[in-house]
Amino acid sequence: MQGVKTLSEFIIERQDDFKYATGELSRLLNDIVIASKIVNREVNKAGLAEILGATEQENIQGETQQKLDVFADEQFISALKNGGEACGIASEENDDFVAFTNERSKQGKYIVVFDPLDGSSNIDVNVSIGTIFSIYRRKSEIGQEASIEDFLQKGRDQVAAGYVIYGSSTMLVYTTGNGVNGFTLDPSIGEFCLSHPNMECPKGGKTYSINEGKRREFSPAINAYLDYVKEDDKSTKRPYACRYIGSMVADLHRNMLKGGVFIYPESTSSPNGKLRLLYECNPMSFIMEEAGGLGHSGKENILDIEPTSLHQRVPIVIGSKNMVDKVLSYY
Ligand code: AHG
Ligand code: MN
Ligand code: MN
């Protein structure tokens, strides 16, 4: 096994980088890894199993829940509850946060928020989907049940964040605030192996990602940028290529490796955009910033926003630093 470093080995090795290191965060990360392996297994056989297709339920945001969304949500909740390092969770699929009531979990120092399956409308058509997670230290007293103040923390206060992409191969990418590292799942040994050490998002790029079908609903600033990307200018590699997968994780993973900008702006029908601050924008912005990129709402750095509610949405411009700055120059 010379040369192969597994994610579990890496987490333990890096434990001392973390100022509160006592092993709890490492165990918490490992719980998330186990849940993501189980979700990966189900995602891979989605085409075979009855699990494929929509349930009749809608989540709090009125979107049809896919069966795999519910399955993934349950897997993460159960891994985190049994692990005992988190005192509670909040997820895109649950109306309210879940405070774990068992004694061990009440002693947990952390809370976890997650989007169990991102891009889930892509499941039926076999396009990459993902999981996004984010970890905070609790604000409430240890020994008590988790409370809402634990969840409404600024993105800047995250202690760790990561995503899993279920693509042509499955990868887990995460940060604890000391750089970003990526691990590819080797299905033959069932382990994530370090494949992308010290990931850095290129400062520039030549692709932009936005649901341009909604262009008439966008602001003059976004429309001016959308004109800019189509102009001919060899020195800035324009016109840019448009790439929009419809899974934020997959679009941002590409931008992370190749450079690019992803925009989900405010529109006349959705004044706060679509994406959720807690489950999507904060973790992805933390990872991007750690890799040298940027996540911005158009008004402020995503990580500086004080959340006021669990399912709050926010417009986002995220990816290569210079490309995000260029978009912002039109505001
Ligand atoms: P989710 O599946 O968790 O609801 O997230 C889907 C999100 C995001 O992944 C994607 O970039 C965006 O929705 C696509 O939205 P549009 O179809 O409105 O472009
Ligand atoms: Mn999502
Ligand atoms: Mn989702």
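The values are calculated or read from the model by the stated rules, or taken from the named source; none is laboratory data. This is a predicted model, so every value here is computed, not measured. As a convention, Cβ positions derive from the backbone with ideal geometry for all residues, glycine included, and neighbour counts pool all protein chains shown. Keep in mind that these areas ignore ligands, DNA and RNA; they rest on the heavy atoms of the full protein, side chains included. Shrake-Rupley method; radii C 1.70, N 1.55, O 1.52, S 1.80 Å.
Tabulated data for the structure shown
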{"quantity": "Test: residue in the stretch 125-139 that is away from ligand 3 (no atom under 16 Å from the Cβ), assigned to a loop (DSSP other than H, G, I, E, B) and either closer than 19 Å to residue 84 by Cα or touching a strand residue (DSSP E or B) at 6+ places or on another chain (Cβ under 8 Å) (or both)", "calculated": "yes"}
{"quantity": "Some residue of the stretch 227-248 being among the hydrophobic types (A, V, I, L, M, F, W, C), more than 12 Å from ligand 1 (Cβ to nearest atom) and touching a Pro at 6+ places or on another chain (Cβ under 9 Å)", "calculated": "yes"}
{"quantity": "Residues being more than 16 Å from ligand 1 (Cβ to nearest atom), part of a loop (DSSP other than H, G, I, E, B) and over 24 Å from residue 170 (Cβ atoms) - total across the stretch 69-122", "calculated": "9"}
{"quantity": "Test: residue 97 is more than 13 Å from the chain's Cα centre (by Cα), under 20 Å from residue 59 (Cβ atoms) and in contact (Cβ under 8 Å) with a residue 24 or more places away in the chain", "calculated": "yes"}
{"quantity": "Every residue from the stretch 256-277 that is more than 12 Å from ligand 1 (Cβ to nearest atom) and crowded, with 24+ Cβ neighbours inside 10 Å", "calculated": "256, 260, 261, 277"}
{"quantity": "Residue that is nearest to residue 116 (Cα to Cα), among those in the stretch 237-264 that are without any contact (Cβ under 8 Å) to a residue 40 or more places away in the chain and touching a Phe, Trp or Tyr at 6+ places or on another chain (Cβ under 9 Å)", "calculated": "244"}
{"quantity": "Single match in 167, 119, 179, 205 (criterion: of a type outside the set (A, V, I, L, M, F, W, C), surrounded by fewer than 24 Cβ atoms within 10 Å (Cβ to Cβ) and touching a His at 6+ places or on another chain (Cβ under 8 Å))", "calculated": "167"}
{"quantity": "Residues being open to solvent by 40 Å² or more (accessible area, probe 1.4 Å), under 30 Å from residue 122 (Cα atoms) and in a helix (DSSP H, G or I) - total across the stretch 221-255", "calculated": "2"}
{"quantity": "Out of 304, 325, sole residue that is away from ligand 2 (no atom under 16 Å from the Cβ), under 23 Å from residue 174 (Cα atoms) and open to solvent by 50 Å² or more (accessible area, probe 1.4 Å)", "calculated": "304"}
